Amino acid sequence: MSENSNKFLDALKTIPGVEVGDIVDVEVLELEIGQIAVGVENAGVEGVITRREYTSDRNADLRDLVKPGDKFKALVLRRAGGDKENGEFFFSVTRLKEREAYDKLQKDFEDGNAVEGTVTSSVRGGLIVDVGTRGFLPASLISNRYVSDLKPYIGKTMKLKITEIDPNKNRLILSHKDLVEEEREEAFDKVASQLVVGDVVEGKVSRLTNFGAFIDVGGVDGLVHISEISYKHVDKPSDVLKVGQDVKVKVIGIDNDRHRISLSIKQTEPSPFEQATADLNEGDIFEGEVKSLTNFGAFVEVADGIQGLVHVSEISNKHVDKPSDVLKVGQSVKVKVLNIDPSDRRISLSIKAADSNASSENHNSRPRRSRNENSVNKKYMSDNDNGFALGDIIGDQLKDRK
């Protein structure tokens, strides 16, 4: 073999070969309809990249994306066959990007890192998200609340957690809910550490449900149960509150294990008992109506919906066996306030003290307040709001029936 022939063979050995699966540097030779003709640098090998293997945009015009002379890396997909020396190959840019993306996503998954992606479309059961490659975000993992309409998420950029990854099956499952829960727990710990039960703080109504209102207090939602919205009966929270409304709330419970804060709106306001007794003092004498009779005494209305107890021993200076022997329901009587217990919401009254002190304590006497003053709707009063529990009123009556 001649010397020149040996040199030629040696030169051929220096030309790198091209194998399926290789990542090679290519140069754009020309643009054809729906594909790009490229040549592998320093290999004397040519091939094509179809539009779908260059971009995920099916409507893209390749002439807007590349031009002859452009250079970039591509993945060797397969041989195209044919009679050309060294054959002809199909290359892919999109799959190379996916492979690189999966390598990074795999590391993020192992390290527990969050990734960022853009929602490209919605499908049955969830969203398609571009995180460098195609990922699926199930509807159940979008939020910690039920999501019925997926369309508003299209085009949004979201932070996500990887819950499952399998490059061989092109399977990538994402979750936004996991991040929401983590952020919620961190925010709860921060806010809860600054609150104690009994604190009164400003908040904003963030969400309304049939069972109550969620109030944003420092970036964390606390619940005002429907029973804690008002002292009056509330059918639906939306009847008295609206989203975005500023409200004052009292912290009535903090559950660190369940990450829940219980709030009350009504406890930031005077109770019906406090409103009704605001101008009532021990020693006051006024006219009241007998509302009910029991074996142990008579209940007399102090203000609309608020009753005080005249114990049987305080009805008269004479011995009284049964209050019904000397009093009747609806009767107007003069009573003196003996005691007001705000904590138990109880008022103790006396008829005999009012009679015996009428002449000497006229300066304390005052007309009974009008029904419009400190008005309390009886229909909405709880058992304790009238100053005595229902058992106090009917207890003896039940004993008599035994």
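Every condition in (1) closer than 25 Å to Ser271 by Cα; (2) within 17 Å of the chain's Cα centre (by Cα); (3) open to solvent by less than 50 Å² (accessible area, probe 1.4 Å) is met by His225 except one, and the failing one is (3). Taking the range 197-229, which residues are among the polar types (S, T, N, Q) and either modelled with pLDDT of 95 or more or under 12 Å from Leu263 (Cα atoms) (or both)? Passing the criteria: only Ser227. Cβ-Cβ distances below 6 Å connect the following pairs, each with a first residue in the range 53-64 that is at pLDDT 80 or above, a second residue that is in a loop (DSSP other than H, G, I, E, B), and a separation of six or more residues or different chains: Tyr54/Val93.
For the range 116-130, a residue qualifies if it is part of a loop (DSSP other than H, G, I, E, B) and out of contact with any Pro (no Cβ under 7 Å at 6 or more places or on another chain), and exactly one does: Arg124.
Among residues of the range 219-234 that are more than 30 Å from Lys190 (Cβ to Cβ), those with a beta-carbon under 6 Å from a residue that is at pLDDT below 95 and crowded, with 22+ Cβ neighbours inside 10 Å at least six positions away or on a different chain give the pairs Tyr231/Pro272. Among the strands (runs of 3 or more DSSP E) confined to the range 159-273, the ones with at least 1 residues that are over 29 Å from Arg345 (Cα atoms) and either touching a Gly at 6+ places or on another chain (Cβ under 7 Å) or hydrophobic (A, V, I, L, M, F, W, C) (or both) are located at 171-175, 200-208, 212-217, 220-225. For the range 327-384, a tally of residues being at positive phi, surrounded by 14 or more Cβ atoms within 10 Å (Cβ to Cβ) and at pLDDT 50 or above returns 1. Candidates are the residues of the range 131-158 that are assigned to a strand (DSSP E or B) and at pLDDT 90 or above; the one that is farthest from the chain's Cα centre (by Cα) is Gly135. Of all residues in the range 115-138, those satisfying the criterion of being farther than 20 Å from Asp57 by Cβ and either among the aromatic types (Phe, Trp, Tyr) or crowded, with 18+ Cβ neighbours inside 10 Å (or both) are Val115, Gly126, Leu137.
Phe214 meets the conditions (1) open to solvent by less than 50 Å² (accessible area, probe 1.4 Å); (2) among the aromatic types (Phe, Trp, Tyr); (3) touching a residue at least 12 places away in the same chain (Cβ under 8 Å) in every case but one. The failed one is (3).
Considering Ile165, Ile173, the condition of being among the β-branched types (Val, Ile, Thr) and either modelled with pLDDT of 95 or more or touching an Asp or Glu at 6+ places or on another chain (Cβ under 6 Å) (or both) is satisfied by Ile173 alone. Within the range 310-322, the set of residues being under 30 Å from Tyr231 (Cβ atoms) and open to solvent by less than 30 Å² (accessible area, probe 1.4 Å) comprises Val310 only.
Screening Thr157 against (1) within 17 Å of Ala101 (Cβ to Cβ); (2) touching a helix residue (DSSP H, G or I) at 6+ places or on another chain (Cβ under 8 Å); (3) hydroxyl-bearing (Ser, Thr, Tyr) leaves a single unmet condition, (2). Just one of the numbered conditions (1) touching a His at 6+ places or on another chain (Cβ under 9 Å); (2) surrounded by fewer than 17 Cβ atoms within 10 Å (Cβ to Cβ) is not true of Phe188: (2).
Does Ile154 meet the test of being under 26 Å from Arg51 (Cα atoms), among the aliphatic types (A, V, I, L, M) and open to solvent by less than 20 Å² (accessible area, probe 1.4 Å)? Please lay out each step first, then the result.
Details: under 26 Å from Arg51 (Cα atoms): yes; among the aliphatic types (A, V, I, L, M): yes; open to solvent by less than 20 Å² (accessible area, probe 1.4 Å): no.
Criteria not met by Ile154.
For Gly253, the criteria (1) open to solvent by less than 50 Å² (accessible area, probe 1.4 Å); (2) touching a helix residue (DSSP H, G or I) at 6+ places or on another chain (Cβ under 7 Å) hold in every case but one, which is (2). Whether any residue in the range 68-75 is within 24 Å of Glu181 (Cα to Cα), modelled with pLDDT of 85 or more and among the aromatic types (Phe, Trp, Tyr) is what I want to check. Taking every residue of the range 68-75 in turn, none turns out to be within 24 Å of Glu181 (Cα to Cα), modelled with pLDDT of 85 or more and among the aromatic types (Phe, Trp, Tyr). Every listed requirement among (1) in contact with a Pro (Cβ under 7 Å, 6 or more places away or on another chain); (2) surrounded by 15 or more Cβ atoms within 10 Å (Cβ to Cβ) is met by Asp108 save one, (1). For the range 294-332, which positions are of a type in the set (Val, Ile, Thr), touching a Leu at 6+ places or on another chain (Cβ under 7 Å) and within 19 Å of Asn281 (Cβ to Cβ)? Selection gives Val300, Val302, Val310.
If the condition is being part of a strand (DSSP E or B) and of a type in the set (Ser, Thr, Tyr), then the range 274-303 contributes Ser292, Thr294.
Close Cβ contacts (under 7 Å, 6 or more residues apart or on different chains) running from residues in the range 248-266 that are hydroxyl-bearing (Ser, Thr, Tyr) to residues that are loosely packed, with under 15 Cβ neighbours inside 10 Å and assigned to a strand (DSSP E or B) comprise Ser262/Gly253.
The values are calculated or read from the model by the stated rules, or taken from the named source; none is laboratory data. None of these values were measured; they are calculated from a predicted model. Neighbour counts are summed over all protein chains in view; Cβ atoms, including those assigned to glycine, are modelled from backbone coordinates with ideal geometry. We work out accessible area using only protein heavy atoms, side chains counted, and drop any ligands, DNA or RNA first. Shrake-Rupley method; radii C 1.70, N 1.55, O 1.52, S 1.80 Å.
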